[in-house]
Amino acid sequence: MRPFTYTRAASIDDAVKAVSANSGTRFVGGGTNLLDLMKMGVERPAHLVDINRLPLTEIIEHQGGIRMGALARNTDAANHQLIRTRYPVLSQAILAGASQQLRNMATMGGNLLQRTRCYYFYDPSYEECNKRTPGSGCAAIKGVNRIHAILGASQTCIATHPSDMCVALTALDARIQVTGPKGSRTIPIPEFYRLPGDTPQHETNLQPGELITAIDVPPLAYGKRSFYLKIRDRQSYAFALVSVAVVLDMEEGGGTIRRAHIALGGVAHKPWRAEKAEQFLAGKKPEANVMRAAAEAELKEAKGYGGNDFKIELARRSIVRAVGTAAAMSQA
Amino acid sequence: MSSDAATDSRAKADMKENELEQAHQSSGVSRRAFAGSAIPGAVTVLPSEGAQAPATAPPGSLECSLTVNGQEHKIQIDPRTTLLDLLRENLHMTGTKKGCDHGQCGACTVLVNGRRINSCLTLAAMHDGDQVTTIEGLAKGADLHPMQAAFIEHDGLQCGYCTPGQICSAVALLDEVKSGAPSFVTSNLSVIKEVNLTDEEIKERMSGNICRCGAYAGIVAAVWAVYAGKTA
């Protein structure tokens, strides 16, 4: 690791000031991704501000929904009674990611900011990576791209967002609370993440010095009818090739879907809200041909790059299976 | 105590360790002495009682105080020092292993404030005031921890490199199961009840610890044995 200096933030303001003052300064929470990238030489901060002692660990009921402090550990959120009972898809998604050891360290805020696991981004011995070195090119487009994006990618970057948790948060319409040098604001999750476009180095719309303080999930009466499907190369402890978070609001008795919330992981630069599939399913019964047509509508614009062509059909089938599983759940 | 004296006492400790190792090797350079010389960032280990920061602490170094297996340590460290490197290189507690050093293998698993973590992906400085338990802290004198005994009894190892991490992980696993913490394979998360331990649960919960020798069947058997209260 390159040398850096280290201080511990005494307050949120203290942390924001320290990081705003110098572009080479970074917040460190759980550190599970940042330290790994520092060892690889991808991240090279001159100074780290340790935010672990800030009072941002609470998980509480908030405006009928839930507020999760940015420094709550992934384990604490996954195991929290309110989340397990009201939004089990979020617990499931968190538990699908990483290992127990990593979830014990990783924070909610840090998980939002995970960097891609694109091989070319992660290894600076590859010169081409527009995310790591803007303007240098994308080695993945013509390289090994089995794990790469099929939706919303650009000619400059086909990386995917690696998180499971954020897929569930996207389906649940989460809102991100941040505090920065210009004050506090709320960012709905669709506006938090960016597609790569011509600036893949910018993954979120966070401004310099802004610190995530909490994640809010609004109330959702039907949150129990939810499911997280994760498809990966091994049964545990691997990133998703494709994942699907589904929450369904269904009419009792008739079995018609009033509203579907669907988000996909492993397919794009950000957790992908499957709006086309959601619209297709609204007002219909979850029959096999209906779910298939919804999945086809969502993947219509999908594009493979050779190694990841298989993901397009995998994503279609994963949507069908996830929606079908949620629809078949009893609401007991 | 001056930093010279502290360095001196560390050198003496190293010499003693080298003498022990030299009895087992013929190359003339001890593995630990070689590894020690290759570690960047000079580090001074101070005794825990009455310790003060040395007058000549390297610029940018931090004082860190943490308790490892019940013993408090106050140490001057380079900010880059991971908890794993602090344990192995500064405190010479080499039971905790460095495998991948990227949080992918679990060999470095230790318990911090009772929770298992990958000590390779966390800075020692972030653990000021924390309680750390390593594999060295599990046994009570000559009495092995039940999980250690079960790993031996059930052949939960071959080469042994991943074993300290596996055992720390397995000890934490049983606490997690007792407290009702779910895993990805736990059915119906919204029903909060005691975890129904199964082979599938053990495998999922141990997936952060890789064993290249493939001693998994023995590891699962060892976890079952301790869970059931049978250590042999």
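Could you estimate the translational diffusion coefficient of region B:146-227 from the Stokes-Einstein equation, with Rh from the Kirkwood formula over C-alpha pairs, at 4 °C and 1.567 mPa s, in whole µm²/s? Answer, rounded: 101 µm²/s.
Suppose a student asked you for the relative contact order of chain A, using Cα pairs under 8 Å spaced at least 6 residues apart; what percent would you report? Contact order relative to length: 17 percent. Cβ crowding within 10 Å ranks B:Cys213, B:Cys162, B:Cys168 as B:Cys213, B:Cys162, B:Cys168, fewest other Cβ atoms first.
With springs only between Cα atoms under 10 Å apart, run a GNM on chain A and tell me which of A:Ala70, A:Ala18, A:Ala245 wobbles the most. With Cα springs under 10 Å in chain A, the top fluctuation among A:Ala70, A:Ala18, A:Ala245 is at A:Ala18. For B:Leu138, the shell of other residues with beta-carbons less than 14 Å away shows a net charge of -1, using +1 for Lys and Arg and -1 for Asp and Glu. Can you give me the Cα centroid spacing of region A:198-226 and region B:85-108 in angstrom? Using only Cα atoms, the two centres lie 34 Å from each other. Each of A:Val320, A:Val42 was scored by other Cβ atoms within 10 Å of its Cβ. Listed from fewest to most, they are A:Val42, A:Val320. Computed over chain A with a Gaussian network model linking Cα atoms closer than 10 Å, the most mobile of A:Gly41, A:Gly306, A:Gly253 is A:Gly253. Note on A:Asp233 and B:Ile192: with the Förster distance fixed at 35 Å, the Cβ-Cβ geometry gives a FRET efficiency of about 0.65.
Peptide B:183-195 is shielded by partner chain Cβ atoms: per residue, an average of 5 of them sit within 10 Å of its Cβ. Overall size of the protein assembly as shown from C-alpha positions, given as principal axis extents largest first: 78, 57, 47 Å.
Note on region B:46-195: Rg/Rh from C-alpha atoms, Kirkwood Rh, equals 1.03. Calculation over all alpha carbon pairs of region A:5-50 in 5 angstrom steps from 0 returns a P(r) of 5, 24, 31, 24, 12, 3, 0 percent. A straight Cα-to-Cα reach below 14 Å connects A:Lys131 with the aspartates and glutamates A:Glu43, A:Asp123, A:Asp198, A:Glu203, residues fewer than 8 places away in its own chain not being considered.
Helix check for chain A. Which DSSP H runs span at least 24 Å along their own axis by Cα, with a mean Kyte-Doolittle hydropathy no less than 0.5?
none
As a proxy for reagent exposure, A:Tyr126, A:Tyr120, A:Tyr193 were ordered by neighbouring Cβ count within 10 angstrom, fewest first; the result is A:Tyr126, A:Tyr193, A:Tyr120. The modelled label-to-label distance between A:Lys300 and A:Ala282, using points 7 Å beyond Cα along the C-beta direction, is 1.6 nm. Distances between every pair of Cα atoms in chain A, grouped in 10 Å steps from 0 to the bin holding the largest one, split as 6, 26, 34, 24, 8, 1, 0 percent. When every Cα-Cα distance of region A:226-327 is counted in 5 angstrom steps from zero, the calculated P(r) takes the values 2, 14, 25, 26, 16, 9, 5, 2, 0 percent.
Post the alpha-carbon centroid distance, region A:67-115 to region B:177-232, in whole angstrom. If you average the Cα positions of each part, the centres end up 20 Å apart.
Readers should treat all values here as calculations from the given coordinates under stated rules, not as data from a laboratory. Here the structure is a predicted model, which means the values were calculated and not measured. In this analysis, Cβ positions are derived from the backbone assuming ideal geometry, glycine residues included, and neighbour counts consider all displayed protein chains.
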